[in-house]
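The structure under discussion appears below in the form of structure tokens.
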Amino acid sequence: MKKLFFFIATFFAVSNLTAQIYDPVSFTTSVKELGENKYTLSIIAKIDKGWHIYSQNVPQGGPAPTSFTFQPSKNYKKTGAVIEPKGHEVDDPVFQMRIKFFEDKAIFTQNIERKTNDAFTIDAAVFFMVCNDNSCLPPGEKEVKFTFKKSDTPIQNAETASALTEQKNTDLSSKDESITRQDTTNNTTDSVTIASKDTPEILNNSVSTVSSVSSPVKAEESLLKLFFFSFLGGLAALFTPCVFPMIPMTVSFFTKQSKNKAAGIRNAMMYGIFIIVIYVILGSLVTAIFGADALNALATNVIFNIVFFLLLLVFALSFLGAFEIVLPSSWLTKIDQKSEIGGAFGIFFMALALAVVSFSCTGPIVGTLLVQAASQAGIAPIIGMLGFSLAIALPFTLFAAFPGWMNSLPKSGGWLNSVKVVLGFLELALAFKFLSNADLVLQLHLLEREVFLAIWIAIFTVLAFYLFGKIQLSHDSPVTHISVGRLSLGIIVLSFVVYMIPGLWGAPLQYISGFPPAKQYSESPNGFGNAVVQNAEQSSLPEGAESGPNGIQTFHDYDKGLAYAKKVNKPVMIDFTGYACVNCRKMEERVWPDPKVLNVLNNDVVLISLYVDDKRPLPKEEQAVSKITGKVLKYTGQKWSELQILKYKTNAQPYYVLMDHNEKDLNKPSAYNPDINAYYEWLQEGILNFKK
């Protein structure tokens, strides 16, 4: 039972993955000097496989065309329009019109004439829409920059009649070209310098990408977390009655049937590789069926959250022994027959047979991991299945290489079923998190903080009694004594229950922040017995304000909050947040309560919290056509999401903006930042700029 210790930690960690938003297009820039103060600016779009962007000229009623905006400046003058590559022109069956689009890589060029010897920067932006064969992402804008160093060559005032350069002159591989590139894919920077002896000036061309589908956490980091916690999920699956007994049986088969030890190890390795291949194929199918971008919308979608609740509820009941989730027996029969074929083909079907036989135990875990991966984008389901299957495959290979290790394995027995039951309780607790998300988005107040905590307290109390042997299920073996490991885990679970109890009376519960609803979403936002104080505070608030997280005065209407900020002469802090946003709750429950941060939020700024997943209908007079999708904005959250995307080129939450009364940013906006000191310094920087 020592193997059970990590289960609870795995459960909370896997459920806490940060959503990422897929961005299949990245941009780099380059500059080519043509002579006589003439230059060609190139914007190179790198497009992921299967995706495409559209031409600058698209018929009315079609997708959003690609367009370019160059900030006017006295330092240069544009000559001609942006030239685009040849591309592909097809009769699009979706838009029912002939459309030109670009795949893989597209280079757009703009010719300019330099007007000064001084150093300067050209700021530009690309507005585009990216689609694949199944779906499209909302149109987005990315900023790009071209930085010119000081020149020693005199500027000629006379106009030249140089013709526009051909597309091939912008080829990055040209040996006569001097380029410094910065590739901002996923907000990382790679510099590549190609020297040239013929070009007198080396230009530092940078791209600053701000996408409407960006996220404050790097995709690589989030996928690494997903891989790690999926690996832990695979380890959990190992210690179930469907998988654990298969380890010595399978390894023994390979070592006895192989001609020598080396052949046995080779066959076991092949067996492990095929296990990985099978589960990765499953992740690939999920991605292909649902679409990489569609998976992102699941995090706050009411229907999907309810579906996930029901799905995890079924998984939990299965683990608790109510029934078994099994695949048709005919599948196993056919696969087992194929496994008798020798060679790699037979080993593949042996691996497939393991996946089918163990489905009643691994299926719920795999399903849970795929549900978690659905909150991310792109290849997240594939990465999740890679981590899970690697944990499953490793023991078969290692024990084949070192068969003596099998003597240290614990004997199969009733403890394996206990592992399933513990997993069932964890699945049950996680299920209510998804139901809570749906309730929060709809603002039904059916599953408020006290109710949610009461349910979790009940679930983990029963789990503690189960571990102590006080409760037995029908399929459990008789418990004559409990091991030290099981007793220790029971104590940990019971301690967790005791920790949660004060939360019913308003305790912060920072270790599980983001899982229960926020404190303000409760029957007693100010704590048990403080209804009189709460009513007094509400009556003293300005019109349109209410008591928000940690008792901070907050507005949910942009215009009312801005008007009040002008009245009291304080800067505005916009908080783009969401009812189902885990990281938003972490900031509110771990960073905002810090005394110095709380003092600033209470006294030095006017907080405007805009919930992008607010499903309250907009009044008819406020409904407008979206500039992004072309559809009517019907809900309050859609209005704030539109504002965030159009003005700040991001739809990630939380997202914090400090601005003055003219709606100009006082400093660079901040995303999720659990560093209290760094967040406090960001607040102080904006307030200081406001006072200047």
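Only one of the numbered conditions (1) buried (at least 16 other Cβ atoms within 10 Å of the Cβ); (2) more than 30 Å from the chain's Cα centre (by Cα); (3) modelled with pLDDT of 75 or more; (4) not charged (D, E, K, R) is violated by LEU317, and that is (2).
Which residues, counting only those in region 566-590, are more than 18 Å from PRO516 (Cα to Cα) and either touching a Pro at 6+ places or on another chain (Cβ under 7 Å) or of a type outside the set (A, V, I, L, M, F, W, C) (or both)?
Applying the first criterion (more than 18 Å from PRO516 (Cα to Cα)) to region 566-590 yields 566-576.
Across region 566-590, the qualifying residues are LYS566, LYS567, ASN569, LYS570, PRO571, ASP575, PHE576.
Once region 107-130 is narrowed to residues that are among the aliphatic types (A, V, I, L, M), part of a strand (DSSP E or B) and touching a Lys or Arg at 6+ places or on another chain (Cβ under 8 Å), the residue that is surrounded by the fewest Cβ atoms within 10 Å (Cβ to Cβ) is ALA125. Which one is nearest to the chain's Cα centre (by Cα), of the residues in region 24-72 that are farther than 18 Å from PHE146 by Cα and β-branched (Val, Ile, Thr)? Here the answer is VAL25.
GLN376 passes every criterion in (1) modelled with pLDDT under 75; (2) surrounded by fewer than 18 Cβ atoms within 10 Å (Cβ to Cβ); (3) part of a loop (DSSP other than H, G, I, E, B); (4) not small (Gly, Ala, Ser) apart from (2). Among the residues making up region 668-682, those that are within 26 Å of the chain's Cα centre (by Cα) and part of a helix (DSSP H, G or I) are ILE676, ASN677, ALA678, TYR679, TYR680, TRP682.
The values are calculated or read from the model by the stated rules, or taken from the named source; none is laboratory data. This one's a predicted model, so the numbers in the text were calculated from it and none came from an experiment. Cβ: placed from backbone, ideal geometry, glycine included. Neighbour counts: every protein chain shown.
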